[in-house]
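Structure first, then comments.
The values are calculated or read from the model by the stated rules, or taken from the named source; none is laboratory data. Fair warning: this is a prediction, and the values are worked out from it, not measured in the lab. Positions of Cβ are generated from backbone atoms using ideal geometry, with glycine treated the same way; all protein chains shown enter the neighbour counts.
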Amino acid sequence: MPNMSLKKNEMPSQEPNVRNKNFLEVALGYTEEQALDEAARCLNCKNHPCVSGCPVQVKIPEFIKKITEKDYEGAYQVIHETSSLPAVCGRVCPQETQCESKCIRGIKGEPVGIGRLERFVADWHNANVQEAPAKPAPNGHKVAVIGSGPSGLTCAGDLAKKGYDVTVFEALHLAGGVLVYGIPEFRLPKAIVQKEVDGLKALGVKVETNMVIGRIVSIDELMSEYGFEAVFIGSGAGLPMFMHIPGENLCGVYSANEFLTRINLMKAYKDGSDTPIMPLQGKKVAVVGGGNVAMDAARCAKRLGAENVYIVYRRGMAELPARKEEVEHAEEEGIVFKTLNNPVKINGDEKGYVSSMTCVEMELGEPDASGRRRPIEKVGSEHDLPVDCVIMSSRTPPLVLRSTARAASSSTRPVLPLTRTSTPAATPSRALPPSSSPWAPASSARRASTRH
């Protein structure tokens, strides 16, 4: 019998006042009982609208039906047909704007918890299945993938399943891209990312780290000397961006990119880290921005011992681009939202360290090109917010390393370029705004892999 409850099963989580002091995963995952109960909410609709909302076209009703039959490995194999990163997707993919937004159950209640079920299945597989996947028969063709973020790994996985000899080249010392340097451990444990990368290696994908393509080796060299027949460029989630206001060069001002990379990739939160962050114990921190990256930075600062952490955002709560779940978690953990505020200056002390941030109050006018109401400054509303650290989390422009860009533009070989928001392999209906998720390029990678 279908479960006609209007609400999803709640995700078990650490208590807010416990988790805001550690970097352990916040969401604990469904129990088997919860997963079976949630799977029973799926109506297995005839037209499967949820699948149309998935960038990689996972056969969602099919894998959920396998759950109801307690065939969890079968469910995993259904997901894995089209998704190379199910344990990652189940945790950080924005299902509420993709598959779950199309769920029929969402019309008169909450949609089926598709992402939570995907995570359950992937975690069950990782805990219970030790056998390596069978390697597809080689088809004799070689493809290079530049970048090991979600788009690069997705492309590599799709090609490997078709028998291609794939090598992923990563500029940093660990594979995973934004999954390892951008998303905190408490949202996405790095062991999970490594497990997914290891799964791709088991399929035959080779990963070369510390490789800056265009500087160490050119694209033409990859093709003429190393025998690659095509190159896919998935070169990064974005460059840091500042507001260009006075005081941004003071000690204690970070870009969110640097702040999160130091924490997530370099483990700055551990004693004796070679790449530390200024001591935040008992300090006041302002994070400028309202997207997922801002939430991640604010929640990390809280875990590093900051007494007060503020999200400073020029629009209102309703306009925050971050996922609803991330905003709720941040509020529960004690993050203070100073919305309708915009920084105009960062002030420092005599030693060159941040002492406060001057802000102006805003009000919302008519909608702008993005569809959100345009913030307008209130005259005479200037005020100072005492802070010791400022983290800038503005939208980031797509990253294509100059060396890689030069290599691509000078090459006459087949190159499949990818930035975070535009690519010949993408379609407008699949493109996502830069702050929404690392999965914006996933369908682009999928389309690129079908060209071969």
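Is it fair to say Lys284 is charged (D, E, K, R), over 24 Å from Val344 (Cα atoms) and surrounded by fewer than 24 Cβ atoms within 10 Å (Cβ to Cβ)?
Numbers: charged (D, E, K, R): yes; over 24 Å from Val344 (Cα atoms): no; surrounded by fewer than 24 Cβ atoms within 10 Å (Cβ to Cβ): yes.
No.
Scanning region 174-196 for residues that are touching a Leu at 6+ places or on another chain (Cβ under 7 Å) and either among the charged types (D, E, K, R) or not in a loop (DSSP other than H, G, I, E, B) (or both) turns up Leu179, Val180, Tyr181, Val193, Glu196.
Please go through region 56-91 and pick out each residue that is over 19 Å from Lys162 (Cβ atoms), assigned to a helix (DSSP H, G or I) and not hydrophobic (A, V, I, L, M, F, W, C). Within region 56-91, Pro61, Glu62, Lys65, Lys66, Thr68, Tyr72, Glu73, Gly74, Tyr76, Gly90, Arg91 qualify. Step by step: first the residues of region 242-295, then only those that are part of a loop (DSSP other than H, G, I, E, B) and polar (S, T, N, Q), then the one that is farthest from Val390 (Cα to Cα). Which residue is that? Among those residues, the one meeting the criterion is Ser273. Can you spot a residue in region 209-230 that is under 24 Å from the mean Cα position of the chain (by Cα) and over 26 Å from Ala268 (Cβ atoms)? For region 209-230, residues under 24 Å from the mean Cα position of the chain (by Cα) and over 26 Å from Ala268 (Cβ atoms): present.
The residues of region 32-55 that are in a loop (DSSP other than H, G, I, E, B) and either under 22 Å from the mean Cα position of the chain (by Cα) or closer than 19 Å to Glu110 by Cβ (or both), listed by number, are Ala40, Arg41, Cys42, Leu43, Asn44, Cys45, His48, Gly53, Cys54, Pro55. Going by what's in this entry, would Lys108 be described as farther than 26 Å from Val205 by Cβ, in contact (Cβ under 8 Å) with a residue 12 or more places away in the chain, of a type outside the set (Ser, Thr, Tyr) and surrounded by fewer than 24 Cβ atoms within 10 Å (Cβ to Cβ)? So Lys108 passes the test.
Can you name every residue in region 15-26 that is surrounded by 18 or more Cβ atoms within 10 Å (Cβ to Cβ) and of a type outside the set (Phe, Trp, Tyr)? Reasoning before the result, please.
Here is the first cut: in region 15-26, the residues surrounded by 18 or more Cβ atoms within 10 Å (Cβ to Cβ) are 19-20, 23, 25-26.
Listed by number, the residues that qualify are Arg19, Asn20, Glu25, Val26.
In the set (1) out of contact with any Asp or Glu (no Cβ under 7 Å at 6 or more places or on another chain); (2) farther than 24 Å from Val180 by Cα, the condition left unmet by Leu340 is number (1).
Quick one: which residue in Asn20, Asn47 is on the phi < 0 side of the Ramachandran plot, of a type outside the set (A, V, I, L, M) and at pLDDT 95 or above? Talk me through it step by step, then tell me what you get.
Working: Asn47 fails: at pLDDT 95 or above.
None of the others qualify; the one that does is Asn20.
For region 120-167, the set of residues classified as in contact with an Asp or Glu (Cβ under 7 Å, 6 or more places away or on another chain), in a strand (DSSP E or B) and not charged (D, E, K, R) consists of Val143, Thr167, listed by residue number. Does Val143 satisfy being more than 16 Å from the chain's Cα centre (by Cα) and surrounded by fewer than 22 Cβ atoms within 10 Å (Cβ to Cβ)? So Val143 does not fit the description; no.
For region 4-20, the condition holds for no residue, the condition being that it is closer than 22 Å to Lys161 by Cβ and polar (S, T, N, Q). Going residue by residue through region 248-267, is there one that turns out to be surrounded by 24 or more Cβ atoms within 10 Å (Cβ to Cβ) and farther than 16 Å from Tyr181 by Cβ? Checked region 248-267: no residue is surrounded by 24 or more Cβ atoms within 10 Å (Cβ to Cβ) and farther than 16 Å from Tyr181 by Cβ.
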